Each structure stands twice: as C-alpha cells, then as structure tokens.
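> Right, I'll just put the structure down here and ask away after.
The values are calculated or read from the model by the stated rules, or taken from the named source; none is laboratory data. The shown structure was predicted, so the numbers you read here are calculated from the model rather than taken from an experiment. Neighbour counts run over all protein chains shown; Cβ positions are idealised from the backbone, glycine included.
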Amino acid sequence: MEKSGREKSASPKSENITASISTVTLPQREQRNRHRGAVLWFTGLSASGKSTVANELEKALFKKGVQVFVLDGDRVRHGLCSDLGFSPTDRQENIRRVGEVARLFTDAGFICLAAFISPYRADRLLVRKLMDGGNFFEVYVNAPLSVCEQRDPKGLYVKARQKKIKDFTGISAPYEPPLNPEIELRTDKLAVPDAVEKILRHLRKVCGVKK
Ligand code: ADP
C-alpha cells in the first residue's frame, strides 16, 4: 500500500509505532464545525505582511465561528523550534516540524494559518506532500524587497544590512518565490481588508466557510 505523506516523512528512529485511530472521525468534526479543515501556508519575505494578514483573517474567521489558529515563526521559535537556527538545514527542520503541527490542526478539523518565511520551495513542497495533496493552500505574500525594507517593523533589515544578523532572507540568504501558489497577495498594492476578503472567497469555495 502507498505510504501516506506523514509515514514517508517519519524519522527512521521511530520504529514499531502504529498510528492510533481516533474514535471521533474527521467527518464528524467537520460536520460539527460546518467547515472543512485546511492549512493556509503564508510564505514571503520578512515584513511582507504574513502575520498581519493571517491575524486579521483569524479574527474574521473566528467571528464566523470557524475553528481557526495562527501558527507563526515567533510562536514556535521560542519553544518547539528553540534549538534551531537559520542555516538551510535548520530552516528545513523548522518547516518540517511546523508542517507536522499544521497537519495535526487539520486532523482536529481546524483551519490552520501558518505564517513562515519558508524560503525554500523544496521545504514547502514537503509540507504540501505531508498533507497528502488535500487542503494545503499556498498563499504567496508578495511585496518587493524595497517595500519590506522600508516597512521594517522589527528593525531586522537595518540589522541585516549592518551584518548584525546573518543568513537574513532577501539580504544574505535566498528566497525562492512560489511558482504556482493557490493565492497571491501583492501587499504593496492590496490593503489588508482586501487581502483578507480575497482569502475568504477562496475558503468559501474550498472549505465551505459561510459568508
Ligand atoms: P511578516 O509576518 O511577513 O514578517 P508582518 O505582518 O509582521 O510581516 O509585518 C508587515 C508590516 O507591513 C506591518 O507593520 C503591517 O502593518 C505593514 N503593512 C502595510 N501595508 C500592508 C498590507 N497591505 N498588508 C500587510 N501588511 C502591511
């Protein structure tokens, strides 16, 4: 039998482990929630607007009674991934772990808004595969580097330019833009409420979120 995305990604160290079958099924959860679960994967440069849009979207969805949760870099880098830095291998492991967590949220019937720079295409593809092709939607939060640098809400670009931060995406580390994102938000042209509305339109179609 073809292995699922999660089985394929399992560490070789975890052997002799069988998947536990929950007695509450996903369809039962989805029926109660009145929407399907999904991962919306926000990728883009630092300060492109991933967290801003994800948090506004979370508010809008929560108001509609949707089971929704934002996962972002700041949340996991202090805990789950506090042992990881910003080298390509550490970034890969960061995204793998977060992908697993996002997947658990969809198993619980949630719409998980994952906001991570996630600069490498291969890492994002890994998460997509982990979701077995279902209900993974890549949201490319696209603003030119010059705009992100101007916004610089956390002063990180200034530090990166001064070489006080190394491996900084867009300055001293690469960013590989998505080739076929399900949604693209040009946040240099699109106001936050319009970006939220664009995603809501998508979620009405694919997850049955009500108007
Ligand atoms: P990221 O999570 O991608 O690092 P943030 O959301 O933390 O980015 O920061 C984006 C900054 O840009 C915020 O200060 C936000 O207020 C500002 N901003 C200005 N216009 C927009 C827009 N149209 N969409 C998203 N963010 C915007």
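> Could you list, in sequence order, the residues of the range 155-167 that are without any contact (Cβ under 8 Å) to a residue 40 or more places away in the chain and part of a helix (DSSP H, G or I)?
Taking the range 155-167 as the starting set, the residues that turn out to be without any contact (Cβ under 8 Å) to a residue 40 or more places away in the chain are 155, 158-165.
Residues satisfying the conditions are VAL158, LYS159, ALA160, ARG161.
Condition check ((1) under 19 Å from GLU56 (Cα atoms); (2) in contact with a helix residue (DSSP H, G or I) (Cβ under 7 Å, 6 or more places away or on another chain); (3) more than 16 Å from the ligand (Cβ to nearest atom)) across all residues:
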position	(1), (2), (3)
VAL127	no, yes, yes
MET131	no, yes, yes
GLN150	no, no, no
PRO153	yes, no, no
VAL158	no, no, no
ASP188	yes, yes, no
VAL196	yes, yes, no
ILE199	yes, yes, no
CYS207	yes, no, yes
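> If we keep just the residues of the range 49-80 that are more than 16 Å from the ligand (Cβ to nearest atom) and without any contact (Cβ under 8 Å) to a residue 40 or more places away in the chain, which is surrounded by the fewest Cβ atoms within 10 Å (Cβ to Cβ)?
Selected residue: GLY79.
> Hey, any hits in the range 171-179 for a residue that's within 22 Å of LEU113 (Cα to Cα), more than 11 Å from the ligand (Cβ to nearest atom) and among the small types (Gly, Ala, Ser)?
Taking every residue of the range 171-179 in turn, none turns out to be within 22 Å of LEU113 (Cα to Cα), more than 11 Å from the ligand (Cβ to nearest atom) and among the small types (Gly, Ala, Ser).
This table checks each residue for (1) of a type in the set (Lys, Arg); (2) under 17 Å from the mean Cα position of the chain (by Cα); (3) over 23 Å from VAL206 (Cα atoms).
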site	(1), (2), (3)
GLU30	no, no, no
LEU40	no, yes, no
LYS59	yes, yes, no
LYS64	yes, no, no
VAL76	no, yes, yes
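> Okay, moving on. Given the options GLY79, GLY85, GLY99, name the one that is over 17 Å from ALA173 (Cα atoms) and not in a helix (DSSP H, G or I).
Of GLY79, GLY85, GLY99, the one residue that is over 17 Å from ALA173 (Cα atoms) and not in a helix (DSSP H, G or I) is GLY79.
> Then there's this: If I go through the range 50-70 residue by residue, how many of them are under 13 Å from ALA38 (Cβ atoms) and not in a helix (DSSP H, G or I)?
4
> Oh, and also: Only residues in the range 180-194 that are touching a residue at least 12 places away in the same chain (Cβ under 8 Å) and exposed (fewer than 15 other Cβ atoms within 10 Å of the Cβ) count as the first member; pair them with residues that are part of a loop (DSSP other than H, G, I, E, B) and among the polar types (S, T, N, Q), Cβ under 6 angstrom, at least 6 apart or cross-chain, and list the lot.
Once the first residue is touching a residue at least 12 places away in the same chain (Cβ under 8 Å) and exposed (fewer than 15 other Cβ atoms within 10 Å of the Cβ) and sits in the range 180-194, no partner that is part of a loop (DSSP other than H, G, I, E, B) and among the polar types (S, T, N, Q) comes close enough.
> Mind checking whether some residue in the range 140-154 is surrounded by fewer than 16 Cβ atoms within 10 Å (Cβ to Cβ) and in a helix (DSSP H, G or I)?
Within the range 140-154 (the criterion being surrounded by fewer than 16 Cβ atoms within 10 Å (Cβ to Cβ) and in a helix (DSSP H, G or I)), the answer is yes, since at least one residue qualifies.
> Ok, one more. Is it the case that the range 115-127 has a residue that's among the polar types (S, T, N, Q), in a loop (DSSP other than H, G, I, E, B), at pLDDT below 95 and more than 23 Å from LYS166 (Cβ to Cβ)? Spell out the reasoning first.
Of the range 115-127, the ones among the polar types (S, T, N, Q) are 118.
So of that shortlist, the ones also in a loop (DSSP other than H, G, I, E, B) come out as 118.
When the remaining residues are screened for being at pLDDT below 95, the result is 118.
Pick out the ones that are also more than 23 Å from LYS166 (Cβ to Cβ) and you get none.
Within the range 115-127, none of the residues are among the polar types (S, T, N, Q), in a loop (DSSP other than H, G, I, E, B), at pLDDT below 95 and more than 23 Å from LYS166 (Cβ to Cβ).
> Could I ask something else about it? Anything in the range 198-208 that is more than 18 Å from the chain's Cα centre (by Cα) and assigned to a helix (DSSP H, G or I)? List them, or say none. Full working, then the answer.
Start the filter on the range 198-208 by keeping residues that are more than 18 Å from the chain's Cα centre (by Cα), which leaves 201, 204-205, 208.
Across the range 198-208, the qualifying residues are ARG201, ARG204, LYS205.
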